[in-house]
Structure formats: structure tokens, C-alpha cells
Amino acid sequence: MKWLSKEILKQDLNKGMTNPSFNYAHLTTIQEASVLFSTLQQQKQIVVIKENETQARALFDQMESLFPQIKTQLYYQEDSLRVEAIASSPENHYEKMEALYHILYQEPQLIITTSASMMRYVADPKLLVDRALNLRINQEIEMNDLVNALILMGYQQAQVVEKPFTFARRGGIIDVFTIQHQYPIRIDFFDNVIESMRLFDVESQRSISDINEVLVFVASEYLTTDEQKALIIKKSQERLLVLKENLDADSYEILYENVYKDVDQFTLNDIDARFYSLFALSEPSHQIIDYCKDAKVILSPETAVKKSAKFFIDESIDYLIEHHQGLKGLDRYDIFCDIETLNKKEYINFHQFQADNEVEVDIHDLFNPPLEFNQLLTHIQNQAIEQRVILSVSVNQIQRLITLLDKTPYQLIQDELPKESGIYITNHPLRSGFFINQSQIVVYSSKELFNQVIKKGRYERQFQVAQSLSGIADLKKGDYVVHRQYGVGQYLGLETKEVNHRHKDFIHIAYRNDDVLLVPLEQFKLLRKFVSSEGISVKLNKLGGSDWNKTKNRIKESVNDIADQLIELYQERQAKQGFQFSPDNDYMKQFEEEFPYQLTRDQEKAIKEVKEDMESLHPMDRLLSGDVGFGKTEVAIRAAFKAIIDNKQVVFLCPTTVLSQQHYRTFSERFKNYPVNIGLLNRFVSPEKQRETIQKVKDGHIDILIGTHRVLSNDIHFKDLGLLVIDEEQRFGVQQKEKIKTIKVNIDVLSLSATPIPRTLQMSLVGIRSLSQLNTPPSNRLPVVTRIVEKNPKLIEELIEREIARKGQVFYLYNRVDQIYNVAFKIQEKFPHIVVACAHGQMNRDEIEDVMMAFTRGEIQVLVCTTIVETGIDIPNANTMIIDQADRFGLAQLYQIKGRVGRSDTLAYAYLMIDPQKQLSEIATKRLEAIKEFTQLGSGYKIAMRDLTIRGAGEILGGNQSGFIDTVGIDLYIELLNEAILEKQGQKPPQQPQPLHLNDVETYIPKDYTSDESLKIELYQKIDKITSMAQLDSFYQESQDRYGSFPNSVNLLLEKKQLELMLADERIEDFKERNDTATIIFTKAYSDTIDGVKFFESVNQVSKEIGLKYLKGQIRLEIDKNKGWLSEIVKVLNAIKGANHAHR
């Protein structure tokens, strides 16, 4: 916005920087941004130190919004050592390292940081620059040297590169993800020379584009030299010897082990943020201010910054003392810069309160009373008589704004602002509006116009891949598997064995009584991962026993019954005639364009499927399943709008009052620009209002009715109902479900569920039950940072304080009703200025809903509750979840509990607390280890979702099926169901083609190519899925891209697959392999039509050693099994295929 820059520069805002008699005082964020912009016209670089992260980020966002031409950088370190030790989020670390990269290499004009960040030591900037790697094509560097350099820089080795600061090595390829690139880099070696470098996509792992050179920046600000590492070890040893004198033998041993475990990790380059106190032992001397030596420093404001710095140091020392007393670390407390270093720097002070000779800054935040758009428009029109009113919105909102302005005159502008009063529209999304008195300028943003705040989700690219239910490639040693013929066994890993002087890969399965089954890895399809509900005890079958066949037969009977029911339901629905909704019109398109967020791929697909159902002759009966917060409501809203366009009424049925209130608010906000009447029925609605709503529903004056089971009452009569939306149908009682069945007749039904449905079950039910699934999180959603911590009253206090400080709310989950009020009382004692409340199962339903409504409205800051609190409630402001005694909860429970926070683009935290003295059971330990993997949205589909998918399958098929599913695992159960359905429909299940068995060919993946078992299984899976030569070519290119050149045995594996595809040719009748020869027999029909001479010539061009025979009217090719015979067969079949041998 050039016009804004000009307006700001008209004011003499820089004079307080050059003339000490002028002062800056009580500046708002927008005023401070304007002063900084003005000063940077003369000053090369400025560092602004703010009191905390919230203020620093607000100033950064304002600079980016108003003055994007200024290169601004936010540098933020965690303001609590205690919290950092357990909850430092990957996103914060990425952001911090990206900031250091920009500061060192791109010299931003403005650096915004915090007092806590200033107090910390960081590595010598020269060391960071020296350790960074400049790589280019044709550069000589040993692969091992590059790996060692990456480890020294703080990078972590991974099997697959999916997030920053990780690298992976496969064959002649190294993948690395450095912070300054959106995509990771694939480095392809030829011997010790970099042959090529490519950017690649995280999701597909395929290359995107070539690059010639790259800078790989370091992964940590706490890098140390070898001398510093030696110093850390020396100081730790010395201090431990002193402490030994004052500790008993047991305590000293515990302290010694804990200290040396950390020292070993840190000095071996596991440079985690929690090791800051060890880094401080290396006698660092640099602060972030040393990275920008010529910068002008501003304390904003000085009093608050120094107070905050002192609080940070005092609080950190308290934590370090506690840490040492718990025998977890050394008693070393002088690990920060001296607060007086701020006094030694020349700096400018922004005063917190009034000061003499204040510089007047004429730009002010816009505060308008909340008005409906029509009232606001009248207000804007009145302002525009004498002032220049600018409506500054995103490009997507301009058309909407023009439509709403209707006949009100306006002018579109870009960089220049006319001098005349009037209404101007510009494409420049702002965080909030403002006004400049002197210039008679008023600026409105989306916030004031549409109540929408521009929000940016950072680093979301790392978290967009939602995983589906675990497959065979996710096998870990000790997992249970099911073999269709032999039953349940235990996977003990892969083995490469020599059979008839040839190596083969096998899957090692253990059965009861130490029986062993070795399944060739090529036949992995015979196995399924045994996925059952958590806590189910698994019994191994006996090889050769009869138990397994009895179990299978019992389950086959059950799935036959289910198949009958499903097919009957399908036939009933096909026989019904419903209302055929009309195709989308301009209103629908306009309504969809007003959605302020980008739809996920899954949402787009689900919306398309719902519309197709509604536009068909048969009534829709679709189940939309997806994780909490993944966008089911928007799909339902669009279905409702489609129904309303055709003058049909919609009813939205919710399981609880709180959810009905929430949906009512969401629908009202979404439909506010349209003449749509929405009614609400629940116990919070007065009897008088209920009677009025019921009458309006009957008269057709209400388009959408939202409510609890109250909407199922006999006194509700619709004039013309067209769509029923049911939220979480499984939560309604038997009577209510019966009533739902009567309403469902001949109208379209959309059911919403947060319980996932296994993808394999969806495939089985194609054409029988309409299913849509949302697996992808919205792009601005960040994963919930999940940490397992020992319970500590001081930590609990700090976590609550931290959330309250950012104006958030806290869930404290405590599942013992007898002690819940004591817990709440202790929290209230520590925080007398906030509201703490309880919710538990011994309260009646109405009491629970009253508390939840107050929490939803923000009237309660900390809610101490049991698991009774439902999961579907959307409280975007609740972003900290503390789970007391987390080891007592199941995986699925923990996953759903965690889903209550992280409902916005604010980073959310879940702390799983365990008693430090408690000895955990093996199951609880495994469960908590699994929870650690919950770092990504949707990753629960890999671990905890096994319980939920089984529950989801049970809900669709009938609850009594869960027991059967747990007996054979969900994968085999669904396979048996699928076969039963096909049989009932008169179809045969597709026969799985058997892989070609070759006796004398070494087709395996050697250990020196990859020792990663899951990667081996994945490669075999991919090869197995290939059904055409085009797919084989594509796989070959992808594999060369991802893994580099293949060893000979892997090339033979691909040639074997190529031969399999070629032998499927309709001209070939059979392939026989003997000890010394391989024979291909062509069909009689083909043999009768070919030109024998030309056929012979084609074969002869490949090899004169290939025998050609004509027996019983069929041509036979005989190939001696010499070295390379497999390649020879492939070549001869290609030659024959490429030539025309028919008689002319």
C-alpha cells in the first residue's frame, strides 16, 4: 500500500530516534509499526525487544500486513525452561532456525525478539556459517562425510524424510530437508561425486525439479566445537565429584546416570532444546544481538522488558533447583546472559506509560460497535461524505463486497489513493482496520466488514498427510499377523535364506508351541496385520490344528447374515422414489464462494458425492465420517443450502444441547447474508419460543430446524421436509432411533460421524452403503503438540499460567469423581483471578450442559472434568489439555480426548501426566509410547484409530460384530464379508494371480541395498501391484528417483515381474521351467496364423541359441538356462510382440 507509506512519512515520526528530548510512550501496535517503518528509511537495521512472544508476534504480524516492503524477521525462544524441556514444539523450532538463517544470510531490516530470547546464549554465528554446507552438482564429497556433516549440524536420520532437519540414506541417494526450502532435497551420487540434486514432494516422495546448488543450513543454535564438547564433559565430571561428597550412594548413582545420559546424547549431536543448560557449560559468549552488531536496539517498553527478563531468569533458576533436587541435573544456575548487558548496549526506550515531549503518532485502531452489514454500510456511507473510506480485503472477498454494496458508488484502487472523499476498494488483506485523523482516512478490513481475521498457519506443509489404517508395511517385530490358511501368528522379522543355492526373502512367523512358518516375501498377500481392539488378548494358533478352520467357519456364518441384511437394505433403498434436487445454480456457487477457507480434497470429493446423491431419483442415505474438526459441518451446510434452493425444509438432529447450540451459531453465521430462517429447539429455548418455532416449522416459515431429540417429538410437523442431517446417530437411544427411521422414509439423509470407517470396509460396501470419509485436516490446522511428563504441581501451575497468558482456556482431565473438587480447589487457590469449574458423570445432564455452555462462552478459564465431556464441542479458544494419570486411559480414549483442543490455527498442547513414583504396566508403557507418535493430525489413523475403526465397523454392521472382528482381525473379517456380499450378488471374488516362481534366479533385496524391513516390504508391495508395462516403467523411474541404481538381484526381481506381465499375453498358453531349460508354449490359434519364417527371424535376432519347435500344432520356444536367460526371454517376447508375423 504505497499510499499508506506516503501518509506515514508525512508525519515526523523519526525525531524521537535522533533527538533524545523527544519520547515514544504508550504506543499501540499499529503506531509502533508506523514509527519503525519511518525510522527504517534512515536506519539500516533495528532490533526490537518485546516483553513476550504474544507482543512480539503481534508487532511482526502488523509489520507484515501494513509494510510488507520492510524485510521483517521474528526471532523467538521459549520463555520457560520448564515448558521447553517437555513441550517445545517442532513448529517453534523450525520458525526459530528459519529466523537465524534469514538474520545470517539475508540481513533483515527489522528483527523482533523477546526479553527471554535476549537472555539466552547461542552458538558463535561464525560456527553456524562454517558448519552450513554449500553443495553443488559435480562436487566431490564422500557419502559418509556428508552424513557425518549432517549429524554434526544437528540433523536426525530417518527412514523417510517428511519434516525439516531430517535426512535419509538409501543406496546412492541422500535425502535432506533443510529449513529454507519448501521441499526437501534429493542428492544423487555416482561414487563420491554429486551427480544430480532435485527437490521432491514429501507426500509422493517423487522429484519435482532439478537444482544445481543448495545451502544446507544447520539444525540447531546450540552447536558446539570439539573443544566445547570436551569442556562440557570435564565440567560435568568435576561437578559430579563435588556432589558425590554430599549425596548417599543411591542418590549419587541416579544423578550420575541422568547427567551422563544427557551429556552423551548432547555430545553425540542429539541437540535437543532441553539440553540448553549443558550447552551453557561450554562457556558460550554470544547473544542474538551479536548476530546484528550495527543494529539500533529498542526496548519496547523498557520497564516491562527488564521485568520480564528478571522473571524469566528467576523462574528458570527455580526450575533448575527443582531439577537438581530431583537428581535429574547438575546444580549449575549461571546459564544466562547478565541482565545488565542490556544496560551496556546503546538502546532506545519506548515508555510504557506517559512521558515528556511525546512524539504524536497519528494512526489509530478502528473500534466500531458490532453492527449487521446493512447498518455498517449506512455508517460507511455517512463517513464517506467527508472522508476517504478504504475497504481493504482479499481478492476472494472483493466480488462479495461489490455485490453487497449493490448501488453504492465505489472505486477500485491499487497503489495510489485519490484526494476526494468516497468509498474505495483495494486488494490488500489487513489484520485489522485503522484511521488517520489528519488525512481524514478510515480503513476497514475483513475483521470489521465480515468478522473474519486473516490468519496464517505456519509450517502446515509438514502435517497435511493423514495416514490410513496400518497395513502390512507398518509391521514391527512382535506384531500379530493372520495367515488365511494357518491363522494367527507373530511376526518376528524378515530373513534372507539360501534355497537351492539362491537367496530369497522370507517373512518369519511364529505359531503356538514354537512352530515356525517362513512365508516367501513375494507372497505377502497371504498375510494380514492382526488389528483388533486394544486390550484383547491374542491367542496364537497351532500349525496343523483344527481350531483355525472352526473359527473361520463360525465367522463365515456371521458375515453371511450381515451380507443378507446389507443387500436387503440396498434393494429397499433402490425401490424408493425420492425428491430429485435440481443442479447447482448461481446462488449455490455464490454461497460456496463465501466460505472463507480452502476446502480440503476430501471435502471437495464428499460435497460432490452428496450433490450427486441429492440430484438422483433415489433418496440419499450417506454416512460422512471424519475426525473432529475436519470439516463435516461445511459439507452438511452446503447440502442444506441445496435443499433450501428447491424450497425444501431441513432438520439437523444433534445428540446434545451444547452441540445443537454450537451448530445453530455456525449455521446462523454461514447463512447471515441470505434470507434463510433457522430455528432452534432444545431445553435452553423458552416454552413460548418453542411454541412459536413449532408453528413456523408447520407453516413452512422455518427453513432449517436445528435441535436435540426434541425435534423428534410428535408435535413437530414439517410443511415440506427434504433433508435430515443426523450428527453422531450412534449416540441416540433405541426409541429415538426408531423415530428417526420413520422420518427417514423417502427423504434425503446425511449422517455425520467422528468415528472413522476402515477404507477396506468402504470398498466392500460400494453400491450398498454410501460412505464419504474426511481424512485430511484443514490447511491452517496444526497438530496438537503431545508430551508425556511426570506429574509436578509447579509444572501444572506453569502450564495453566502460560495458557491463561495467551487468553486461552484449559481442560484438566481428572477421572476420579471423589477427588475432582479438591483438584479444582487447588487450582482456584493458585489462580484466584480466574474461574475454575467441574464437570463429571455424577452431575445430571442439565448441570453438565450448563457448565459446558459457560465454558464455550469463555466464562470459565479452567474446566476440571472427567471423560464424560463430549468430544464434538468446538471450543477454538481451549488449547491446553492436561490429562492426569494418562496411563489409565486407552489409546482410542486418549486420541479422542486430545481432539478437544487444537480446533483453530493456534498451536495446542496435550500433556499426558503420569505419577513419577509409579511403576507402569507393560501395556500402559506401550500405550504411552504409541501416543508419542501422535505428532501429526490424522496420524491416529495409524495407531489408536485401530480401536475406533473397529468401533466404526461395528456401528455400520451391528454392534455384535466387534467380537468376531477381534477374533480374526479387522482385515480378514472385511475380506470374508466382501466375499459373502459378492457371492450373494452372484459374483465370484476375484482370484489373486500367483507370482511367477523361478527356481534358479536370485530375486531378492540385499541387506547392503536397504536393511529397513518396512522399506523392503513396501517395495515388494509396489511390485506386486503392477499390472501393465506402463506401470512397470513408472515404478522403475520412481524407484530410480527415490532409491538410486538397483543391484543386480533387484533388477532381476523387476525382470521377473516384466516376464509375468508378458506371459499374461493371450497368445501364450503356458510357461514351463525345468532344471536346464525354460519353455514358452504359444496357443494353437496363434501358432496357426503366424508367418513361420518371419517368426524364426525375429527369434534368431535375439539369440541363435533359442530352440524353436512345432509340436501338436503349437509353437514352442526353448531357452537354455545360462547366465542372463531371464533377460533373454524378456527380449525375445518383446521382439515377437513388436513384429507382425501374420500370413498376408
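The values are calculated or read from the model by the stated rules, or taken from the named source; none is laboratory data. Predicted model, so just to flag it, every value in this text is computed and none were measured. As a convention, Cβ positions derive from the backbone with ideal geometry for all residues, glycine included, and neighbour counts pool all protein chains shown.
The table for this structure:
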| item | result |
| --- | --- |
| Of residues in the range 720-738 being out of contact with any Asp or Glu (no Cβ under 8 Å at 6 or more places or on another chain) and of a type in the set (D, E, K, R), the one farthest from HIS709 (Cα to Cα) | ASP720 |
| Residue in the range 342-366 that is surrounded by the most Cβ atoms within 10 Å (Cβ to Cβ), counting only those that are in a loop (DSSP other than H, G, I, E, B) and at pLDDT 80 or above | ILE363 |
| Options ILE882, ILE875: the member that is hydrophobic (A, V, I, L, M, F, W, C), more than 18 Å from VAL628 (Cα to Cα) and modelled with pLDDT of 80 or more | ILE882 |
| PHE1071 vs. criteria of a type in the set (A, V, I, L, M, F, W, C), in a helix (DSSP H, G or I) and in contact with a strand residue (DSSP E or B) (Cβ under 8 Å, 6 or more places away or on another chain) | no |
| So LEU750, is it within 26 Å of GLY626 (Cβ to Cβ), in the same structural domain as PHE595 (by TED's automatic domain parsing), touching a Phe, Trp or Tyr at 6+ places or on another chain (Cβ under 9 Å) and not in a loop (DSSP other than H, G, I, E, B) | no |
| Test: residue in the range 20-27 that is of a type outside the set (Val, Ile, Thr), without any contact (Cβ under 8 Å) to a residue 24 or more places away in the chain and more than 27 Å from VAL393 (Cβ to Cβ) | yes |
| Members of the range 718-741 that are over 25 Å from GLU634 (Cβ atoms) and either touching a strand residue (DSSP E or B) at 6+ places or on another chain (Cβ under 9 Å) or not polar (S, T, N, Q) (or both) | LYS719, GLY733, VAL734, GLN736, LYS737, GLU738, LYS739, LYS741 |
| Qualifying residue in the range 474-492 (condition: surrounded by 17 or more Cβ atoms within 10 Å (Cβ to Cβ) and at pLDDT below 85) | yes |
| Residue check for GLY969: in contact with a strand residue (DSSP E or B) (Cβ under 6 Å, 6 or more places away or on another chain) and among the small types (Gly, Ala, Ser) | yes |
| Total residues in the range 361-403, condition more than 40 Å from the chain's Cα centre (by Cα) and free of Cβ contacts under 8 Å to residues at least 24 places away in the same chain | 4 |
| Residue ID - modelled with the lowest pLDDT, chosen from residues in the range 608-646 that are over 16 Å from ILE747 (Cα atoms) and among the acidic types (Asp, Glu) | ASP627 |
| Any hit, the range 549-558, residues being of a type outside the set (Ser, Thr, Tyr) and in contact with a Phe, Trp or Tyr (Cβ under 9 Å, 6 or more places away or on another chain) | yes |
| Residue satisfying condition, being touching a strand residue (DSSP E or B) at 6+ places or on another chain (Cβ under 8 Å), hydrophobic (A, V, I, L, M, F, W, C) and either surrounded by fewer than 18 Cβ atoms within 10 Å (Cβ to Cβ) or assigned by TED's automatic domain parsing to the domain that holds ASN52 (or both), within set PHE831, PHE811 | PHE831 |
| Residues of the range 405-432 that turn out to be on the phi > 0 side of the Ramachandran plot and touching a Leu at 6+ places or on another chain (Cβ under 9 Å), as a count | 1 |
| Members of the range 105-128 found to be of a type outside the set (S, T, N, Q), in contact with a helix residue (DSSP H, G or I) (Cβ under 6 Å, 6 or more places away or on another chain) and in a helix (DSSP H, G or I), listed by number | ALA116, MET119, PRO125 |
| Given (1) of a type in the set (Val, Ile, Thr); (2) in contact (Cβ under 8 Å) with a residue 60 or more places away in the chain; (3) part of a helix (DSSP H, G or I), index of the condition THR1003 fails | (3) |
| Subset of the range 90-122 [surrounded by fewer than 22 Cβ atoms within 10 Å (Cβ to Cβ) and farther than 19 Å from GLN180 by Cβ] | TYR121 |
| Output for the range 575-607, where each listed residue is within 21 Å of ASN746 (Cβ to Cβ) and assigned to a helix (DSSP H, G or I) | ALA575 |
| Identity of the residue in the range 123-139, closer than 19 Å to SER285 by Cβ and out of contact with any Leu (no Cβ under 8 Å at 6 or more places or on another chain), that ends up surrounded by the most Cβ atoms within 10 Å (Cβ to Cβ) | ASP124 |
| Subset of the range 221-276 that is within 16 Å of GLY329 (Cβ to Cβ), among the polar types (S, T, N, Q) and assigned to a helix (DSSP H, G or I) - its residue that is nearest to the chain's Cα centre (by Cα) | GLN265 |
| Matching option when the condition is buried (at least 19 other Cβ atoms within 10 Å of the Cβ), at pLDDT below 90 and either more than 26 Å from ASN92 (Cβ to Cβ) or of a type in the set (A, V, I, L, M) (or both), among ILE289, ILE232 | ILE289 |
| Filter result (within 33 Å of the chain's Cα centre (by Cα) and of a type in the set (A, V, I, L, M)) within the range 832-862 | ILE834, VAL835, VAL836, ALA837, ALA839, ILE848, VAL851, MET852, MET853, ALA854, ILE860, VAL862 |
| Residues located in the range 140-150, provided they are farther than 17 Å from ARG169 by Cβ and touching a Leu at 6+ places or on another chain (Cβ under 8 Å) | none |
| Those residues of the range 379-406 which are outside any helix (DSSP H, G or I) and under 24 Å from PHE671 (Cβ atoms), in sequence order | LEU391, VAL393, SER394, ASP406 |
| Residue check, ASP12 among the charged types (D, E, K, R), part of a loop (DSSP other than H, G, I, E, B) and within 30 Å of PRO418 (Cβ to Cβ) | yes |
